[in-house]
1. Run PHE28 past the list (1) touching a helix residue (DSSP H, G or I) at 6+ places or on another chain (Cβ under 6 Å); (2) part of a loop (DSSP other than H, G, I, E, B) and report the number of the one that doesn't hold.
2. Being in contact (Cβ under 8 Å) with a residue 40 or more places away in the chain, closer than 30 Å to ALA57 by Cβ and among the hydrophobic types (A, V, I, L, M, F, W, C): is that true of ALA105 here?
3. Identify the residue in the stretch 50-84 that is polar (S, T, N, Q) and within 18 Å of the chain's Cα centre (by Cα) and, among all such residues, is farthest from LEU39 (Cα to Cα).
4. Can you list the helices (runs of 4 or more DSSP H) lying wholly within the stretch 132-196 that have 3 or more residues being crowded, with 21+ Cβ neighbours inside 10 Å and touching a Ser or Thr at 6+ places or on another chain (Cβ under 8 Å)?
5. Looking only at the stretch 42-62, which residues are within 17 Å of SER133 (Cβ to Cβ) and at pLDDT 90 or above?
6. Can you tell me which of (1) at pLDDT below 80; (2) of a type outside the set (A, V, I, L, M, F, W, C); (3) surrounded by 11 or more Cβ atoms within 10 Å (Cβ to Cβ) is the one TYR272 doesn't meet?
7. Which of the residues belonging to the stretch 326-342 are of a type outside the set (Val, Ile, Thr) and either surrounded by fewer than 14 Cβ atoms within 10 Å (Cβ to Cβ) or more than 12 Å from TYR277 (Cβ to Cβ) (or both)?
8. Are there any helices (runs of 4 or more DSSP H) wholly within the stretch 64-115 with 3 or more residues that are surrounded by 20 or more Cβ atoms within 10 Å (Cβ to Cβ), and if so which?
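The values are calculated or read from the model by the stated rules, or taken from the named source; none is laboratory data. Keep in mind it's a predicted model, so treat the numbers as computed, not measured. Cβ sites come from the backbone with ideal geometry, for glycine too, and all protein chains shown count toward neighbours.
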Amino acid sequence: MLNDATFTRSWSEILLVYTQPRVIAMAFLGFSGGLPFLLVFSTLTAWLTEGDVSRSAIGFFAWIGITYSIKVLWAPVVDSVPIAGLTGSLGQRRGWMIAGQSGIAIGLITMALVGPSNLLFLSLAALVVAFSSATQDVAIDAFRIEAADLEYQAAMTAAYVFGYRVALLASGAGALYLADYFSWQVSYLAMAGLMSVGVVTVLLVAEPFRERVSKAPELSLQGVLQWFKTAVAGPFIDFFQRNRKNALIILFFIAIFRLSDIAMGIMANPFYLDMGYTKTEIANVAKIFGFFMSIAGSFICGALVIKWGLMRPLLIGAVAVAVTNLLFAGLSRLEPEVIYLAVVISADNISGGFAATAFIAYLSSLTNKSYTATQYALFS
């Protein structure tokens, strides 16, 4: 719940939120979270293609990405099981973040050393990277929610998204540049080195207060069943008990939010090409310029949530995303001028970044801090 002082803050006070250490830290954690993603997807497929790997084998690597979709399966472990040697000194959230980052770095180094010459070991190393990355995501999300009150969640999210997007540039374009000038081995080793950004950040930030103490399950059938009831079933039971008849409505809202934007996004590049825009124009406007517009939307949303509370920006974001899709209908009737494309991309990406940030803050508000990691993994 936001207090009355929130609504009387000046804009200068609100914008100073982005200079707070915890918000800045989220940008670096976002970088750590975003760096591995393309390294097991499009960047990896480029390496495999140059290594004369068959298209069918490359397609098989896409299955590795399923780990990001099923992270809720081991989120209860991240939520409640301590790591020997890490949780005691760092805390539950920081301990699991370090564990995930270490797994990512080890996996990337292994990928660099193995290469496409041994697809079995390369795929296993990529799986380690994806699994460790998904685990890190669970821990970072829980850390973000527990480290700040609700009114700051959008600002924390905006900083995280900024870092994440920068990491996508590093692991996408940056990795390709390194591979072109040096080699794929050097590229992946450099990416492994960049994971130190996340490690240093984790060591510098403070562990957030937790309402539930982590405890490993007792090594007995009764102990395991009790842990399952508390750590696995507990988060789901808690959500439905707290929200009762509104629980299904909330889950339906989560499922359809930004549905139109996601559906339209798949067809964006074919639409631009059919309109007559060149690939260079698409790259410059839709990708590079659009990147900055999306970041701007995220930071605007973060400030407005502090000023107005969460629900008004959430509604604005939902409506804006749907309305800006209509601009593409207008664009289809115009000549392929770059200025027209820039206007549409500005509106679409600002609204997209705005809506995504508000939505993540909303999902964060739904969690019970006794089950932060599991419930957020379920919603996302």
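1. (2)
2. On the way: in contact (Cβ under 8 Å) with a residue 40 or more places away in the chain: yes; closer than 30 Å to ALA57 by Cβ: yes; among the hydrophobic types (A, V, I, L, M, F, W, C): yes.
For ALA105, the condition - in contact (Cβ under 8 Å) with a residue 40 or more places away in the chain, closer than 30 Å to ALA57 by Cβ and among the hydrophobic types (A, V, I, L, M, F, W, C) - is met.
3. Just the residues of the stretch 50-84 that are polar (S, T, N, Q), to begin with: 54, 56, 67, 69, 80.
With within 18 Å of the chain's Cα centre (by Cα) added as a condition, the list becomes 67, 69.
Working: THR67: 14, SER69: 17 Å.
Here the residue is SER69.
4. Numbers: elements: 153-169, 175-181, 184-194.
Result: 153-169.
5. Just the residues of the stretch 42-62 that are within 17 Å of SER133 (Cβ to Cβ), to begin with: 42-45, 61-62.
Listed by number, the residues that qualify are THR43, LEU44, THR45.
6. (1)
7. Our first condition is that a residue be of a type outside the set (Val, Ile, Thr); within the stretch 326-342, this holds for 326-337, 340-342.
Correct list: LEU326, LEU327, PHE328, ALA329, GLY330, SER332, ARG333, LEU334, GLU335, GLU337.
8. Values: elements: 66-69, 75-80, 87-90, 92-114.
Per the criteria, 75-80, 92-114.
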